[in-house]
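Report on the following structure.
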Amino acid sequence: MKTIGLLGGMSWESTSTYYHQLNKGVKQQLGGLHSAKIALISVDFSEIETLQHAGDWKAMAVILADAASKVERAGADFLLICTNTMHKVAPEIESAISIPLLHLADATGQRLHATGIQRVGLLGTRFTMEQDFYKQRLVDNFGFDVLVPESMERELVHEVIYEELCQGKITESSRKRYLEVIQNLGNRGAKAVILGCTEIALLVQQQHTDLPLFDTTTIHCEEAVRLALAGQ
């Protein structure tokens with residue numbers, strides 16, 4: 001079994017989901033007392049969040065590249081960045097390590113591409129929805145037509161992530177508002193919606209809507225388990 005490297009803490013709420021799903025996935029495949037081999041470095045999200053909203057991506061790249069190097073030195077065979085947003089600095093992280101990076105957008109794109117769906121909605125932080133580092137990769141690598149919510153809806157989605165989900169707060173009122181955003185994406189032609197922030201699935205799951213949802217956290221973990229157990 002390969003050792004899965006995790007660069008986490010952004011937020012720890014979703015990183016705990018990664019840890020749970022990876023171990024559950026390995027147990028399901030191998031049975032018994034088996035669990036995943038994991039090397040995890042968890043950063044202080046408060047520092048990252050401050051730099052995010054200041055737009056200092058260079059400083060974040062330095063912090064995360066250093067953390068990724070520590071994950072590699074801990075024995076990881078490949079790396080997962082346990083956050084969609086910080087794939088903004090994935091190139092800098094990749095250049096700091098010699099092990100492969102399992103890119104979250106690629107894992108999600110491959111899963112979605114297999115369904116034949118072309119027009120998709122994308123939810124995430126304002127950075128993920130508005131900048132090209134994530135959605136353009138989906139367009140360039142998989143040919144998707146990517147829709148994002150309208151401006152006021154993007155602010156709502158972003159605010160709930162940082163002020164509620166990253167702090168472990170799950171409210172019915174926010175779930176209702178998210179479902180309205182999802183429905184509006186469907187009304188605009190989206191045939192599925194990517195939950196492009198690792199915390200969103202804490203709030204919205206498939207049973208809440210008829211529109212197919214692609215939870216990036218689950219997809220990322222399933223692909224990591226497949227890689228870790230390849231050849232077993």
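Throughout, read-outs are computed from the coordinates displayed, never taken from laboratory work. Small disclaimer: the values here were computed from a predicted structure and weren't measured. All Cβ positions, even for glycine, are placed from backbone atoms using ideal geometry, and neighbour counts span all protein chains on display.
Here is how the numbers come out for the structure above:
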quantity: Pairwise label distance in nanometres, Q28 with E49, each label 7 Å out on the Cα-Cβ vector; calculated: 3.1
quantity: Among G186, G121, G196: highest mean-square fluctuation, GNM of the chain, C-alpha pairs under 10 Å; calculated: G186
quantity: In degrees, nearest ten, helix 12-30 long axis to first principal axis of the chain (Cα); calculated: 60
quantity: Convex hull projection area averaged over all views, the range 1-115, Cα basis, nm²; calculated: 7.8
quantity: Entries of K88/K169; K2/K169; K88/K191 with Cα pairs more than 29 Å apart; calculated: K2/K169
quantity: Coil-residue trypsin sites (Lys or Arg not before Pro) of the range 143-232, DSSP, other Cβ within 10 Å capped at 14; calculated: K169, R188
quantity: Volume per residue of the C-alpha convex hull in the chain, rounded to whole Å³; calculated: 124
quantity: Relative contact order computed over the range 120-232 (Cα-Cα under 8 Å; 6+ residues apart), in percent; calculated: 29
quantity: Radius of gyration, Dmax [the range 147-232; alpha carbons; angstrom]; calculated: 14.4, 49
